[in-house]
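Trainee: First the structure, then my questions, so here it is.
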Amino acid sequence: MTTATSLELPARYGSCPFSPPPAYTDAAREATVTRAVLPDGTACWLVTGYDEVRAVLADTRFSADARTPGFPFLSAGQRELATAKPSFIRMDDPEHARLRRMVSKDFLVKRIEELRPGIQDIVDRAVDRMTEGRTSADLVADFALPVPSLVICLMLGVPYEDHDLFQSLSRTLLDNRTTRPEAERAHAQLMGYLAELAARKRSRPADDILSRLAAREDLTDQETASLGFLLLVTGHESTANMTAVSVLALLQRPDQAGLLRADPGLVRGAVEELLRHLTIIHLGLGRAATETVRVGEVTIPAGDGVICMLSTANRDRQLFGETDDLDLTRDARRHVAFGYGIHQCLGQTLARVELQTVLTTLFRRLPGLRLAVPVDQLAYNQDNIVYGLRALPVTWG
């Protein structure tokens, strides 16, 4: 059964910064699959139930290729980013698998665990810089952005001194307000930068991902730049936003922050609960049906677009209990914050290690950490594909 009226996308946010827009939650209560309307007037399906979201993301009859007829877009800029020169996350197998394999070994659990001491050093140095000679800072600009940027630059072999350039271009590309011409220019500039860097790596290789990709004979220059583009953009934006929103959530719940301070060993489970509770991909994951498929109680015709709402799936009460509450002791390991199926986030292990390191270090080294402004004065990136804070003024003095 579906709702009587179609939900207009994207929905407006409510008063709680940690919850998905209320309209999505309301839709999930009414039906696990419901009709929705995209900004251009095109109809699509909104999948909100946990089981249904996993079913769609695991079903090869739903294409992740943004060039597939019916694929849903929330803006012209998003369409440009996804279709102009798609990365492997916007491809189906076998091409998706071929390209993913070329970088997957760099993100295996063992490899990322080997990086943990280096990540700890980056985090410690970031705290040192942020706190040197002062007792307040913008946690976004001074900490949450630099840490994952430094990590992914180190792994990729991208000069960190270029971070202002790629962060600015990333923000443009991830903003749903970006027009098609703006997206085209930003995409071309970032791809050009990475193609030039890859060419330099080919003649002067180092021990980094981009050097290894540039040396492969089975990759075109375009594919090398595209892989670098995906890893660079997703490797810093999502973790930076997750870091800032996680810190805010814990500052708003001192009882939960106290648990983490008292027992740093809770951090692995705490990160899973924060990922579930916050689910910063608020706008969902798009797919297009290539065949007529039954999902839950609804038949989705071939050619229809589908948006899987990770945020509402992660608030399934039958699976997680009182889902609107943040509980660092909850077993949240079955969340779908990183997606599900063959397109599940390649960098999830890296994100977990970074978040674990960031949270334990911040709350250990800055026991007096607190907001420097009233919470209602904070501004959020609600128009971005990745939800986050524009700034997070904090103090610890």
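Trainee: Search region 104-138 for residues being touching a residue at least 24 places away in the same chain (Cβ under 8 Å) and open to solvent by less than 20 Å² (accessible area, probe 1.4 Å), and hand back the single one that is farthest from residue 232 (Cα to Cα).
Mentor: Looking at the filtered set, the residue picked out is 137.
Trainee: Still on this structure: Limited to region 329-347, what total is found for residues that are part of a helix (DSSP H, G or I) and open to solvent by 50 Å² or more (accessible area, probe 1.4 Å)?
Mentor: Result for region 329-347: 1.
Trainee: Can you list the strands (runs of 3 or more DSSP E) lying wholly within region 262-315 that have 3 or more residues being surrounded by 17 or more Cβ atoms within 10 Å (Cβ to Cβ)?
Mentor: Counting at least 3 such residues, we get 285-289, 305-308.
Trainee: May I ask you to list the residues in region 66-77 that are open to solvent by less than 30 Å² (accessible area, probe 1.4 Å) and modelled with pLDDT under 95?
Mentor: Selection gives 66, 73, 74, 75, 77.
Trainee: Just to be sure before I move on: is residue 31 among the hydrophobic types (A, V, I, L, M, F, W, C) and in contact with a Lys or Arg (Cβ under 8 Å, 6 or more places away or on another chain) in the structure I sent?
Mentor: Against the criterion (among the hydrophobic types (A, V, I, L, M, F, W, C) and in contact with a Lys or Arg (Cβ under 8 Å, 6 or more places away or on another chain)), residue 31 does not qualify.
Trainee: Follow-up question, since we're still on this one. When the residues of region 377-397 are narrowed to those that are hydrophobic (A, V, I, L, M, F, W, C) and part of a loop (DSSP other than H, G, I, E, B), which ends up farthest from residue 235 (Cα to Cα)?
Mentor: The residue in question is 396.
Trainee: Now, a different point. Give 97, 141 a once-over and let me know the one that is open to solvent by less than 60 Å² (accessible area, probe 1.4 Å) and out of contact with any helix residue (DSSP H, G or I) (no Cβ under 9 Å at 6 or more places or on another chain).
Mentor: 141
Trainee: Looking at 350, 326, 362, 355, which is the one that is touching a residue at least 24 places away in the same chain (Cβ under 8 Å), more than 14 Å from the chain's Cα centre (by Cα) and not in a loop (DSSP other than H, G, I, E, B)?
Mentor: Only one candidate qualifies: 362.
Trainee: A further question on this structure: Could you list, in sequence order, all residues of region 36-65 that are open to solvent by 60 Å² or more (accessible area, probe 1.4 Å) and either more than 15 Å from residue 308 (Cβ to Cβ) or among the basic types (Lys, Arg) (or both)?
Mentor: Passing the criteria: 39, 40, 42, 54, 61.
Trainee: Kindly evaluate residue 211 against the criterion of being assigned to a helix (DSSP H, G or I) and touching a Pro at 6+ places or on another chain (Cβ under 9 Å).
Mentor: Yes.
Trainee: Among (1) surrounded by fewer than 15 Cβ atoms within 10 Å (Cβ to Cβ); (2) more than 20 Å from the chain's Cα centre (by Cα), there is one condition residue 211 misses while meeting the rest; what is its number?
Mentor: (1)
The values are calculated or read from the model by the stated rules, or taken from the named source; none is laboratory data. This is a predicted model, so every value here is computed, not measured. Neighbour counts run over all protein chains shown; Cβ positions are idealised from the backbone, glycine included. With ligands, DNA and RNA removed, areas are computed over all heavy atoms of the protein, side chains included. Shrake-Rupley method; radii C 1.70, N 1.55, O 1.52, S 1.80 Å.
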